[in-house]
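One structure is given here, and the rest of the page talks about it.
The values are calculated or read from the model by the stated rules, or taken from the named source; none is laboratory data. Model, not experiment: these values are computed from the prediction. For neighbour counting, all protein chains shown are included, and Cβ atoms are generated from backbone atoms with ideal geometry for every residue, glycine included. Just the protein is used for accessible areas: all its heavy atoms, side chains included, with ligands, DNA and RNA removed. Shrake-Rupley method; radii C 1.70, N 1.55, O 1.52, S 1.80 Å.
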Protein chains: 4
Amino acid sequence: MNRDASQSPQRPPTPKSVLQVGTEIRVRYCECDPMNVAHHSVYPIWFEMGRTELLRASGRTYREFEEAGIFLAVVSLSIKYKRPAKYDDLLTLITRLRDVGHVKIEHTYELRRGDDVLATGESTLACLDREGRARPLPELLRAGIGGRAAS
Amino acid sequence: MNRDASQSPQRPPTPKSVLQVGTEIRVRYCECDPMNVAHHSVYPIWFEMGRTELLRASGRTYREFEEAGIFLAVVSLSIKYKRPAKYDDLLTLITRLRDVGHVKIEHTYELRRGDDVLATGESTLACLDREGRARPLPELLRAGIGGRAAS
Amino acid sequence: MNRDASQSPQRPPTPKSVLQVGTEIRVRYCECDPMNVAHHSVYPIWFEMGRTELLRASGRTYREFEEAGIFLAVVSLSIKYKRPAKYDDLLTLITRLRDVGHVKIEHTYELRRGDDVLATGESTLACLDREGRARPLPELLRAGIGGRAAS
Amino acid sequence: MNRDASQSPQRPPTPKSVLQVGTEIRVRYCECDPMNVAHHSVYPIWFEMGRTELLRASGRTYREFEEAGIFLAVVSLSIKYKRPAKYDDLLTLITRLRDVGHVKIEHTYELRRGDDVLATGESTLACLDREGRARPLPELLRAGIGGRAAS
């Protein structure tokens, strides 16, 4: 779970490779539609929360990256919806780092309610500078979130 | 454009096959994120608007289907993001019907700003009853939105 | 905080009066706009989360109410925005029950980041049946969330 | 309606005072909740669209203001919800400029479906610079959107 990582008063002194993190998600009322289930457009938002927590678990935050002028933009996304999520469900999202390249990062996602897998997904992000141009992922980021994945 | 179709006071007497529709989309401020571009989670919402207008152009509305206990749920979705959309951009979304099966419908999407293609996507929807169980697409729906696609 | 209440495996045997609850909220990336702060339309969503947790802390869930055909609809809302919230901020929302009438419930809200008050708000909800008609708040609900407030 | 204003290929050469504008809004599926009505958090988004079109009708765009480092932030908002809006409803939002001060602008809103008033609202915005500090509304803006209101 993301609790300890997200609220630890002291941050780890050096980034470490974390390849997978679980994040608890409580389904909000406004996220549900007239079919009485979470709308499919909410899943990309949850996946983004998963990436945020994966990075935090590595000892960094995405907020720090943006403050330093390093942006990660989604360039592709795909999702398979298997079972609906309902209002007030307490879900677990497993976010995994699949690959880190020169400019791009790939993640996969598994959304669960207990033992049931509700959805799976994958995304590719590209690293951009303040002007929106592709730039190499900084060494720090590559070490922090992907050192082991690259080996 | 979807204007005439969406606001025609008299509805066509019989459904007709419409395989493609263009919908104008004005990017809302709240749809944009700190990178100053439309957030990637908004594109599935726009695609859903495109499907709504494609059905309306065929002489039916999705609202009527739900009132009759016929639901269409997204079971898979994929998107490629090529160029960012910005606040207040006036975009055109091309929504195409690709295939209509026994239970499922496939659409493709192309989001444009002028001649630039900003994103492409595809989705598969399944037909469900009020209890969320798969059910055959009604003949009416298949004739209305897909008769020609199946040939 | 809402942790214990929301995840307690055993629910309290009888509803109890809880007049105030604190809920932790992590600001999501997609909730922030090009001004780099949480968009003002997100605050009503957070307030709704606060009401959900206040009810849960009383031993009930809003989901149970809806399943029993009891709906609570917002009829008025006002918010004062004092300082911006930023992406990844960890906020605390204090939700208080102000009054419970025959048909309506009033809440107040205070959103904080540490000692700073970022926003305050208040809302009135009306109790509706499945057809959207006003109906008296059930005794159970009045006892559960407002017994003490009415005295 | 906002059609002509929003799509006019040639912009008026000088800003003019426009004190009221009507904007058509089609209720999106994802904007509706399990009660089968538009969620109350969507109304502030629609109000913002109304402000965007009011400014456009005056010969300016909010996008230009932000590009010039002039930001308008909501500092207070209140809404009364009278009747629900449903999926696919075609609504008309009347946005009115109520007052323009040294730093703040006040608007009022009326959301209609045909002759029915679904909701009313009001908001106050403050003018900020890039650093988020209050600054006087530029003369240009005051002339463009509020010259007549101040008289």
How many angstrom lie between the C-alpha centres of the stretch A:79-143 and the stretch C:52-102? 30 Å
At least 50 Å² of accessible area lost relative to the chain alone, listed for the stretch C:36-51 with a 1.4 Å probe: C:H39, C:H40, C:S41, C:I45, C:E48
In order over the stretch D:49-59: 3J(HN,Hα) from phi, Karplus 6.51/-1.76/1.60, θ = phi - 60°, whole Hz, x for each Gly or Pro, gives 4, x, 4, 4, 6, 5, 5, 4, 5, 8, x
Net charge near B:V117: determine it from the other residues with C-beta under 9 Å of the C-beta of B:V117, scoring Lys and Arg +1 and Asp and Glu -1. +1
Roughly how many percent of the accessible protein surface of the stretch D:13-150 is carbon and sulfur, given a 1.4 Å probe and a whole-percent answer? 48 percent
What does the average come to when, for each residue of peptide C:22-35, you count the partner chain Cβ atoms lying within 10 Å of its Cβ? 6
Which is farthest toward the positive dipole end of the stretch A:13-150 among A:M49, A:I25, A:T108, measuring Cα position about the Cα centre, with Cβ charges +1 (Lys, Arg) and -1 (Asp, Glu)? A:T108
Given a 1.4 Å probe, how much area per residue of the stretch A:23-143 is accessible, in Å²? 37 Å²
Over 29 Å between C-alpha atoms is what I'm after, so list which of A:K80/A:K104; C:K86/D:K104; A:K82/C:K86; A:K104/B:K86 land there. A:K82/C:K86
Can you pull the one-decimal nm distance between simple spin-label points at B:S78 and D:K80, each 7 Å off the Cα toward Cβ? 5.3 nm
What is the Cα convex hull volume of the stretch D:15-128 when expressed per residue in Å³? 107 Å³
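Between B:L90 and A:Q20, what's the calculated FRET efficiency when r is the beta-carbon distance and R0 is 41 Å? Round to 0.05.
Efficiency for this residue pair is about 0.45.
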Over the whole of C:80-91, what's the average partner chain Cβ count within 10 Å per residue? Rounded to a whole number, please. 3
Inter-chain shielding of C:70-77 (mean C-beta neighbours from other protein chains, 10 Å cut-off): 5
Could you sort the peptides C:62-68, C:94-100, A:43-49 by per-residue average Cβ neighbour count (10 Å cutoff), highest mean leading? A:43-49, C:94-100, C:62-68
Total charge of the residues flanking C:A38 in space, meaning their Cβ is under 9 Å from its Cβ, with Lys and Arg +1 and Asp and Glu -1, is -1
Using a 1.4 Å probe on protein heavy atoms only, how many Å² of accessible area do B and A hide from each other, summed over both chains and rounded to 100? 1700 Å²
Charge dipole (debye, nearest 20) of the stretch C:17-145; +1 at Cβ of Lys and Arg, -1 at Cβ of Asp and Glu: 160 debye
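Under 14 Å from the Cβ of C:Y87, count the other residues' Cβ atoms, weight Lys and Arg +1, Asp and Glu -1, and hand me the total. Please report the intermediate quantities before stating the final value.
Working: positive: A:R51, A:R56, A:R63, C:R26, C:R28, C:K86, C:R113; negative: A:E48, A:E53, A:E64, A:E66, A:E67, B:D33, C:E31, C:D33, C:D88, C:D89.
Neighbourhood net charge equals -3.
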